[in-house]
Amino acid sequence: MRATPGRVAAVVAGCAAILAAAIGTGFAVGVESIDLGRALTDRASTDAAIFFGARLTRVLLGAVIGAALAPAGVTFQALLRNPLADPYVLGVSGGAAVAGTAAIVLGGGAGLLGAWTLPVWAFGGALGAVVAVWALGRVRGRLVPGVALLAGVVLNALSAALIVAIRLLATPTSAHEALYWLTGTLAPIDGARLGALAAYVALGLGVLLSLAVAMNGLALGDDAAHTVGVDTERARRAMFLAASLLTGAAVAFAGPIGFVGIVVPHVLRGLLGPDHRVLLPASALVGAAFVVAADTAARLLFRVLHTEPTVGVLTALIGAPFFLVVLRLRGERRVFG
């Protein structure tokens, strides 16, 4: 199906409706039931205290995180031509987590200035991981997707070891703060930090959307990209940088939340097709809805478990089996297809 303006608008409108429903549910549902009307009209009420003090920025944070991670997954999958590529699986989230942990331990994540500098640290870690995957995944001058994925697995293990080492050198307060952040959690934040995250994500998404046509070409291979006039090296560098920025910003503010970049793009690609002019905006909106819905489910589980699992735990419980199913189906197609 062609990505006509009408089709893009229709897909975006439908995905925006899904996101609006997820956000509305996230606002209304939680451990304590509230009256949204009273919360919005009576700022002195308990409902307003819960809504503005806990739920509002937490739900919005989840939406922005999801809008960053899903398009990053789409981008890495196009660049490696592999639907299993994802910031988490490739070790990009791990690299960002190492740098972010170091920033927290060194005090880089504290205060208003930290709202802007912590993503810079995480972006540097994500970019370093991307460079390592790219270098290790090249065989005789060409990138081999399977080798790159294996390199990502190794980088994840190395990142975990480095994070443990950094925490051992930290003060108890910094170590506790880093541990809480590494679980992949959403928490109410102030407007300055939310604005900082939104600015980074908007920049990364803007770059990717402007390169959607080039991404279509690269997803088919360098030769196909050249035939439509794509400067492959320049486009690839810009995409890697933008996807790393999105991953670093998301990890900086919520810790490593895995598998969003696999589940959402894979489902949408099956429904909407592979055209990135449609897939990128749809993944941003549905990725936002997915993370918000997962966080709402985590809050509701408190009523049953009397403790709240982090959103990163839920996305892993959903995404890991999904990853294995996709891996098995791909293997069957290669053997019997």
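The values are calculated or read from the model by the stated rules, or taken from the named source; none is laboratory data. Not measured: the values here are computed from a predicted model. Quick reminder, even Gly has a Cβ in these numbers, built from the backbone with ideal geometry, and neighbours come from all protein chains shown.
Within region 3-24, the set of residues being free of Cβ contacts under 8 Å to residues at least 24 places away in the same chain and either in contact with a helix residue (DSSP H, G or I) (Cβ under 7 Å, 6 or more places away or on another chain) or not in a helix (DSSP H, G or I) (or both) comprises just one member, 4.
Between 96, 68, the distinction of being over 14 Å from residue 282 (Cα atoms) and in a helix (DSSP H, G or I) belongs to 96 only.
Suppose the filter is touching an Asp or Glu at 6+ places or on another chain (Cβ under 6 Å) and either over 18 Å from residue 207 (Cβ atoms) or basic (Lys, Arg) (or both); does residue 262 pass it? Against the criterion (touching an Asp or Glu at 6+ places or on another chain (Cβ under 6 Å) and either over 18 Å from residue 207 (Cβ atoms) or basic (Lys, Arg) (or both)), residue 262 qualifies.
For residue 142, the conditions (1) without any contact (Cβ under 8 Å) to a residue 40 or more places away in the chain; (2) within 23 Å of the chain's Cα centre (by Cα); (3) surrounded by fewer than 17 Cβ atoms within 10 Å (Cβ to Cβ) are fulfilled apart from (2).
Among the residues of region 258-292 satisfying the criterion of being surrounded by 22 or more Cβ atoms within 10 Å (Cβ to Cβ) and among the small types (Gly, Ala, Ser), which is farthest from the chain's Cα centre (by Cα)? Looking at the filtered set, the residue picked out is 282.
Search region 222-257 for residues being assigned to a loop (DSSP other than H, G, I, E, B) and of a type in the set (Val, Ile, Thr), and hand back the single one that is farthest from the chain's Cα centre (by Cα). Among those residues, the one meeting the criterion is 228. Per the conditions (1) among the hydrophobic types (A, V, I, L, M, F, W, C); (2) modelled with pLDDT of 85 or more; (3) more than 18 Å from residue 97 (Cα to Cα); (4) under 19 Å from the mean Cα position of the chain (by Cα), the sole criterion not satisfied by residue 197 is (3). The C-beta contact set for region 312-328 (first residue more than 25 Å from residue 185 (Cβ to Cβ), second residue surrounded by 14 or more Cβ atoms within 10 Å (Cβ to Cβ) and not small (Gly, Ala, Ser), distance under 9 angstrom, 6+ apart or interchain) comprises 326/83; 326/84; 326/262; 326/266; 327/84.
Tally the residues that are assigned to a helix (DSSP H, G or I), free of Cβ contacts under 8 Å to residues at least 24 places away in the same chain and either of a type in the set (Gly, Ala, Ser) or crowded, with 20+ Cβ neighbours inside 10 Å (or both), restricting the search to region 25-46. Residues flagged as assigned to a helix (DSSP H, G or I), free of Cβ contacts under 8 Å to residues at least 24 places away in the same chain and either of a type in the set (Gly, Ala, Ser) or crowded, with 20+ Cβ neighbours inside 10 Å (or both) within region 25-46 amount to 3.
With respect to being modelled with pLDDT of 85 or more, buried (at least 24 other Cβ atoms within 10 Å of the Cβ) and of a type outside the set (A, V, I, L, M), residue 100 falls outside the description. Answer yes if at least one residue in region 181-192 is modelled with pLDDT under 85, of a type in the set (Phe, Trp, Tyr), closer than 30 Å to residue 52 by Cα and more than 16 Å from the chain's Cα centre (by Cα), and no otherwise. Scanning region 181-192 turns up no residue that is modelled with pLDDT under 85, of a type in the set (Phe, Trp, Tyr), closer than 30 Å to residue 52 by Cα and more than 16 Å from the chain's Cα centre (by Cα). Conditions: (1) of a type outside the set (A, V, I, L, M); (2) in a helix (DSSP H, G or I); (3) within 23 Å of residue 55 (Cα to Cα). Residue 173 meets all but one. Number of the miss? Only one criterion is unmet by residue 173, namely (3). Looking at residue 179, is it touching a Lys or Arg at 6+ places or on another chain (Cβ under 8 Å), more than 26 Å from residue 288 (Cβ to Cβ), assigned to a helix (DSSP H, G or I) and among the hydrophobic types (A, V, I, L, M, F, W, C)? The answer is yes for residue 179. Among the listed residues 299, 334, 303, 330, which satisfies the condition of being modelled with pLDDT under 85, closer than 14 Å to residue 30 by Cβ and either in contact with a Leu (Cβ under 8 Å, 6 or more places away or on another chain) or in a helix (DSSP H, G or I) (or both)? 303 is the lone residue from the list that is modelled with pLDDT under 85, closer than 14 Å to residue 30 by Cβ and either in contact with a Leu (Cβ under 8 Å, 6 or more places away or on another chain) or in a helix (DSSP H, G or I) (or both). Checking each residue in region 139-157 for being over 20 Å from residue 257 (Cβ atoms), part of a helix (DSSP H, G or I) and not β-branched (Val, Ile, Thr) picks out 145, 146, 148, 150, 151.
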